[in-house]
1. May I ask you to compute the full-extension gain from Lys125 to Trp275, defined as 0.36 nm times their residue separation minus their alpha-carbon distance, rounded to one decimal in nm?
2. At 1.4 Å probe radius, can you tell me the per residue accessible area of the chain in Å²?
3. Compute the relative contact order of the chain as a whole-number percentage, counting only Cα pairs closer than 8 Å that sit 6 or more residues apart in sequence.
4. For the modelled label position 7 Å from the Cα of Met290 along Cα-to-Cβ, which residues of segment 249-270 have backbone nitrogen atoms closer than 20 Å?
5. Each label point is 7 Å from the Cα along the Cα-to-Cβ direction; what then is the distance between the points at Leu215 and Ile37, in nm?
6. Select one label from (i) 36, 23, 18; (ii) 36, 27, 17; (iii) 32, 28, 19: the one whose number is semi-axes √(5λ) of the Cα gyration tensor in Å as derived from the coordinates shown.
7. For a Förster distance of 22 Å, can you work out the FRET efficiency between the beta-carbons of Val23 and Asp254, rounded to the nearest 0.05?
8. Provide the FRET efficiency to the nearest 0.05 for the Cys146-Ala300 pair, computing r from the beta carbons and using R0 = 25 Å.
Amino acid sequence: MDLIHKFLIIVSGILSVISCIFVLPILSLFRILRFCIRSVLREKLAGKVVLITGASSGIGEHLAYEYAKHGASLALVARREELLATVAGKAKELGAPEAIVIKADVSKLQDCKRFVDETINHFGKLDCLVNNAGIITIGLFEEEGCITNYTSIMNVNFWGSVNATHFALPHLRNCKGRIVVIGSTGGWFNMPGISVYNASKVAQQSFFETLRIELASDIGITIVTPGVVTTPLASDEVLNESNLWWIPRYSAEDCAKAIVNSARRGDEYLTEPAWMQSVFIWVMLFPEIMNIVRRLILIASGKTSSQKWKSCNNIGSLESLNSNPKHD
């Protein structure tokens, strides 16, 4: 058995060098050509039905507006019904033929089934599911007094998208539709102070990458990893608390536009803003240096997790964990 592993070490090393020299240039050229072709032959959204979770504010809200501009009908899901109604009204003004509002909590299994069923009952089909709902908690893991405070992060960020996808899959398959997953650069650039949030995004990305292989070409999956976007989850208060105030913020409107264009091209991955792709390369090539950088950021903050903040469904409403958080 040891001989087999030694043999594989040698062979895999040789194959890796050969791939970098010969395969990578060809693959890069193929990707450029595919991008150009797909940019010209982008999917038409008029008449399509798009379901968006966490649609009452932030990226979800602006995604609703972008899909509306392209003539898609919308099913908007979140917990704050009044905000959803406002978003639905504006979406109709921007060109959505219809926009229905569904009050639901993605962390609840039955709610996920219900909002998918209501969408199908109203429109008769589902062409695109956008898993956007998410929450975040800021604070050092070691100083968390009650570990169960983190349960809701996994329930919303991971299981919320998994459960919604489970019930939507049969309908998406009928239309050869698409799933858009709003992840985070935190899935591969793990900043201190948001450990469980990062873990939830890693789990989410891993799940949908596996699902993409299982579904083959029947249903497309676009995984989006935004950086710091101007939403309530990235307010001045949150960024100051996590010592990320120095990172340039990307507008939610521009981010949503890039996401819709990417989904229309059929991209598998999208990172916005685009310069964050360079950070991904640095993390892969220079992990020791990037770990030192992140440690210095934590030291520079000079803060503990004595004060933690929570934001629900990508919509803001920041509340101390010791108080009663507002919901959508």
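The values are calculated or read from the model by the stated rules, or taken from the named source; none is laboratory data. Predicted model only: the values in this text are computed from it and were never measured. Cβ coordinates were reconstructed from backbone atoms using ideal geometry, including for glycine residues, and neighbour counts include every protein chain displayed. Accessible surface areas use protein heavy atoms only, side chains included; no ligands, DNA or RNA. Shrake-Rupley method; radii C 1.70, N 1.55, O 1.52, S 1.80 Å.
1. Full extension of this stretch gives 50.3 nm more.
2. For the chain, the per-residue accessible area is 49 Å².
3. 20
4. Output list for this probe position: 249-250, 268-270.
5. With each label point 7 Å from Cα toward Cβ, the separation is 2.2 nm.
6. Read-out from the structure maps to (iii).
7. The value I calculate is 0.05.
8. With a Förster radius of 25 Å, E is 0.35.
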